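Notes for the one structure printed next.
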Amino acid sequence: LHSHCNDPSLDDPIPQEYALYLCPTGRLHSRLQDFWKESKRQCGKNRAHEVFPHVTLCDFFTCEDQKVELLYDILKRVGDSFSQSFPPSISLTLHASPSYLGFFIDDSQANVLKDFAVAFSSEASALADCHVKPSLKQFHLTLAHRFYPHHQKTLEQLAKCINPGEPCQWVAALYSRDMRFVHYQRLRALFQYKPQNIDELMINAGDVIYVDPRQQSDVSEGWVIGTSHRTGCRGFLPENYTEKAHESDTWVKHREYVFQTASRSFTKTEKEPNVKLNGEAHNPSMPRSVTNVLSLQNSPLRRGVLVMRHGERVDQVFGKSWLQQCLTADGKYYRADLNFPSSLPRRKDSMKLFECDPPLSCCGIFQSRLIGEALLDQEVTVSYVYSSPALRCVQTAQHVLQGLKLNQKVKIRVEPGLFEWTKWEASRAIPNFMTVAELVEASYDIDTSYR
């Protein structure tokens, strides 16, 4: 709500659209995600890549905001009533045509799923005043759709690598989307952009932007006009700061009903998303949190790499002129706000060098220590720490190690190659970093032997 304070449509009584999907989890979901990734690499993007693996139970329908809680109750009640009759395993048969590839569900099992969908739709229509249309065509899980015919053979070969009998627990999940932007294109911001003019849009890395192709004809080359999914605000933004996003990236997952089947018991690790060495979870609906990344510890991997950015830096909070707010007339530092650090480390050169190499704020220090404590709670052990020479990064590493209670045991290896020279500092002054000796003098645990 805070980020939407300038959203011109905040008070518009526009309902969301909801859909009910049956989604696989466990090993089958992991194999499907592998297929998604490899098919995109070898054959390019097709319509199936817009959405995660699913079977459509009910098509999108509208529901007033104040009645959404009723949908949650209905999903649980109908799920409970079908839990005993839900198939212990779902039989999937591969089907291919020049424009479609997917798994079809056995008719006898599909009939149970259709009865579940009909029961949900009838109760939702009666109790939540929604016009819900259950999917009554042959139930299927799409693997590829609207692809070039000459890619069919490659896609079929990739699909045959999927074992449809892999362990799987099925969940009925309720998703919503903003009906105003259904036919818009979606872009994801790669970098932050701060508006230079009043008609430009503020974006942060990761933001999803809705773009109406019909409104782009009069826009200058290299620019697009779009609406931010995060803030609801509209304006111009540079197109080369973005990449194409998937349709489901803007959907909200509300509730899910897990069908417990007696024929298969799941271990904890089967229910968790598989995590690769780069920490990327396969499960698209799982938030990227410390706990999520830490399922590395429960996997059979012998070694993992945790990659993190620095904590909150003072110039993010107080602007580029933060140092001017903290200097007395004779050039000494004082704490003008409680979120400023209590002191700055000594530098042999001018204190003004901190303008290009700012420290963490107090909140940033707190964030970093909390991350270390969270890692400690998950019994993560860290053997080596590498940090950019930027002061904020060294401080982040220092306080993460304090949270881990490893600051006396593990030294920070300052690695200049980790600083993003070309991305953020292009055409600006190159920061003059503190030397290793200065960092050690400031009581940071630096590995002085590292080269």
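The values are calculated or read from the model by the stated rules, or taken from the named source; none is laboratory data. As the structure is a computational prediction, the values presented were derived from the model and not from experiment. Positions of Cβ are generated from backbone atoms using ideal geometry, with glycine treated the same way; all protein chains shown enter the neighbour counts. To get the accessible areas, we keep the full protein, side chains included, count just its heavy atoms, and leave off ligands, DNA and RNA. Shrake-Rupley method; radii C 1.70, N 1.55, O 1.52, S 1.80 Å.
Over the chain, the alpha carbon radius of gyration divided by the compact-protein estimate 2.2 N^0.38 Å works out to 1.17. Summed over the residues of the range 16-179 and divided among them, the accessible surface reaches 45 Å² per residue at a probe radius of 1.4 Å.
At a Förster distance of 22 Å, what's the computed FRET efficiency of Ser99 paired with Thr154, Cβ-Cβ distance as r, to 0.05?
Computed FRET efficiency for Ser99 and Thr154 comes out at 0.90.
If the segment from Leu327 to Ala205 were pulled out straight at 0.36 nm per residue, it would be longer than the present Cα-Cα gap by 40.7 nm. Once the mean of 1/r is taken over each pair of separate Cα atoms and inverted, the range 314-442 shows a Kirkwood hydrodynamic radius of 15.7 Å. Percent of accessible area on the chain owned by carbon and sulfur, 1.4 Å probe? That share works out to 50 percent. Per-residue Karplus couplings for the range 46-56, computed as 6.51 cos²θ - 1.76 cosθ + 1.60 with θ equal to phi - 60°, are listed in order as 10, 4, 5, 5, 5, 10, 6, x, 6, 10, 6 Hz, Gly and Pro entered as x.
About the centre of its Cα atoms, the range 185-249 shows a dipole size close to 180 debye [charges on the beta carbon of Lys, Arg (+1) and Asp, Glu (-1) only; nearest 20 debye].
Evaluated with a Cβ-only charge set (Lys, Arg +1; Asp, Glu -1), the chain carries a dipole of roughly 1420 debye about its Cα centre, given to the nearest 20.
Accessible surface area normalised per residue over the range 185-249 is 55 Å², counting heavy atoms of protein chains with a 1.4 Å rolling probe.
Helices in the chain that qualify as membrane-span-like (whole DSSP H runs, Cα extent of at least 24 Å along the helix axis, mean Kyte-Doolittle hydropathy of -0.5 or higher) are 107-127. Shape index of the range 22-154: Rg/Rh, with Rg the Cα radius of gyration and Rh the Kirkwood radius from the inverse mean 1/r over Cα pairs, equals 1.02.
What percent does the relative contact order of the chain come to when contacts are Cα pairs within less than 8 Å and at least six residues apart? Could you put the intermediate results ahead of the total?
On the way: 759 pairs, mean separation 60.3, N = 451.
Relative contact order, the chain: 13 percent.
Less than 5 angstrom separates the built amide H of Ala245 from those of Arg186, Leu187, Arg188, all sequence-distant by 5 or more or on a different chain.
Just to verify a number: FRET efficiency for Asp212 and Leu338, C-beta to C-beta distance, R0 = 45 Å, to 0.05? Taking R0 as 45 Å, the efficiency between Asp212 and Leu338 is 0.50. Take every DSSP beta bridge with both residues inside the chain and express the antiparallel ones as a percent of the total, to the nearest 5. Rounded to the nearest five, the antiparallel share is 90 percent.
Look at the dipole of the range 16-179 built from charges on Cβ: of His29, His150, Thr93, the Cα furthest out on the positive end belongs to His150.
Overall, the ratio between the Cα radius of gyration of the range 105-246 and 2.2 N^0.38 Å, rounded to two decimals, is 1.47.
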